[in-house]
Amino acid sequence: MVDAWMIDVPGERVLVREPRPADEVPLLDLFEACEDWFVAATGLPSGPGDVQSLFYGLPEGADPDDKVLLVLERDGVVSGLVDAVRNHPVPGAVAVGLFLLAPWARGRGLGRALAESLLAHAEGVSLVTASVPPGWRSGECFLEHLGFTLGAQTPRTAEVGNRRAGPWEGGLRRAELRPAAG
């Protein structure tokens, strides 16, 4: 269980917390608003089961107890979502599977504030991995500004985590960050 906490974004009330049952509709709305990201990442808009699958989708070999879902709430409105797995792909690492912000919440410093807050809360983490759709320049720049090293595009595979890749789904660019020991 993760406690809720506020993050500092000037002029805004921003809360990071675990999702609640009442968040299903706001998360569906968030996924619909983020069609641009879903199309870039999978070749298709978000599907009806994507929100539900968040709660049980894990990469192979990951422990369900290490799954972390966090909602970003700006002024009382669900504005973002982070899906991560602790101790994956190796002990002491964190794999970020989804870091999603509503289009109207992008470019305001919310993503950076959230990422920095998450890194500050991730004591003892030696590696953070993430991925970005190739050509999603705003995501590539975001990761680079946070200090991630971007790798080359990986080819499309039949399996993505614990699901089958869609027919229009391309590869990904993997990214790594090795936080400084605190």
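Some notes on this structure:
- Contact order relative to length of the range 7-150, as percent, for alpha carbon pairs under 8 angstrom and 6 or more apart: 22 percent
- Order of exposure, largest accessible area first, which applies to ASP23, ASP8 with probe 1.4 Å: ASP8, ASP23
- Heavy-atom surface of the chain, accessible at 1.4 Å and reported per residue (Å²): 55 Å²
- Here each label is just a point 7 Å from Cα along the line to Cβ, and for ASP63 and GLU24 those points are 3.0 nm apart.
- Choice from VAL128, VAL82, VAL90 showing the highest fluctuation, given a GNM over the chain with Cα pairs closer than 10 Å: VAL90
- Simple label model, 7 Å out from Cα along Cβ direction - GLN52 to GLU12, nm: 3.1 nm
- In this rough spin-label picture, where each label sits 7 Å from Cα along the Cβ direction, the TRP104-ALA4 distance is 2.1 nm.
- Amide H within-cut-off set for VAL9, under 5 Å, with H built and near neighbours excluded: VAL14
- Anisotropy class of the range 90-160 from Cα gyration tensor, a/c 1.5 cut: oblate
- Prolate/oblate/rounded label for the range 1-110 (Cα gyration tensor, a/c 1.5): oblate
- Taking the range 94-111 and a reference point 7 angstrom along Cα→Cβ of GLU32, the backbone N atoms nearer than 16 Å belong to 102-104.
The values are calculated or read from the model by the stated rules, or taken from the named source; none is laboratory data. Treat the numbers as computed from the prediction; the structure is a model and nothing was measured. Reconstructed Cβ throughout: ideal geometry from the backbone, glycine too, with neighbour counts over all protein chains shown. Surface areas here come from the heavy atoms of the whole protein model, side chains and all, with no ligands, DNA or RNA. Shrake-Rupley method; radii C 1.70, N 1.55, O 1.52, S 1.80 Å.
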